[in-house]
1. Name the most mobile residue of 133, 90, 24, meaning the one with the largest mean-square fluctuation, in a Gaussian network model of the chain with Cα contacts below 10 Å.
2. Between residue 58 and residue 233, what length in nm is gained on full extension when 0.36 nm per residue of separation is reduced by their alpha carbon distance?
3. Taking 0.36 nm per residue of sequence separation and subtracting the Cα-Cα distance, how much length would be gained by fully extending the chain between residue 249 and residue 196, in nm to one decimal?
4. Please give the length that would be gained between residue 240 and residue 277 if that part of the chain were fully extended, namely 0.36 nm times their separation in residues minus their C-alpha to C-alpha distance (nm, one decimal).
5. Taking Cα centroids, how far is segment 244-259 from segment 174-199 in Å?
6. In nm, give the distance between the simple-model label positions of residue 10 and residue 79, each being 7 Å from the Cα along the Cα-to-Cβ direction.
7. Which of 185, 43, 92 moves the most in a Gaussian network model of the chain with Cα springs under 10 Å?
8. Taking springs between alpha-carbon atoms closer than 10 angstrom, which of 252, 68, 230 fluctuates most in the Gaussian network model of the chain?
């Protein structure tokens, strides 16, 4: 089965399920989707661990503990909006991990402490801390439409970049050594279509037309296109550094979960930030 066929199967399976979860289950500020974000953090963290740590090496805390960050973000916004629970959770986990080095470090070999500590803290950031921003979107006005817009732009950019690159980009490949199959035509085609999708989606619903002006939708599409491509390339850097092809095997035709949400992880913070700026 070709890679494109696998992508189609994944698209026609995952997209309806994701749409139903977002559109038909908005209860308690999309609690169902928040749970999905927590589960995605667990899976992504375990995929990230072997990229950061070699055989026999262990992080300062189990990877699943990163899932406490999106969980804390939801609890903060739902119950305790005046308490910085997410920041507090990050600080406690980080200090716990660093403190363990005092008592249960690798015997007396402290030469690896800085590397192990920095890698462990990065495990909290990627994907845990980045996924807290998608939880923040759940508490915005018109969260349902904005979530769908985010996924439409991120995966639309990825899909159209793939299509344009496959059909017209063979002569413009090898522009980046980290991902030689990426083409300039693919980047441009995906970016243009992402802007078009952003304009169309923002004008399709009256409630969004009030929130997002056409020029703001254009900027939003451009932000997602740029950040999404950077996220994809950053993940490629990680995999090349670890000398692996994919981050995992859980997703048909895509490899691991991180291979599928790398663009989402990089795009969501900027998507959320821009929305907050224009919705003030």
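1. Highest fluctuation of the listed residues: 24.
2. Length difference between fully extended and current span is 60.4 nm.
3. Extending this stretch completely gives an extra 15.8 nm.
4. Stretched fully, the residue 240-residue 277 segment lengthens by 9.7 nm.
5. Cα centres, segment 244-259 to segment 174-199: 21 Å.
6. 3.6 nm
7. Of 185, 43, 92, the Gaussian network model singles out 92 as fluctuating most.
8. Residue with maximal mean-square fluctuation among 252, 68, 230: 252.
Read-outs throughout are calculated quantities, based only on the coordinates presented, and are distinct from any laboratory measurement. None of these values were measured; they are calculated from a predicted model. Backbone-built Cβ (ideal geometry, glycine too); neighbour counts: all protein chains shown.
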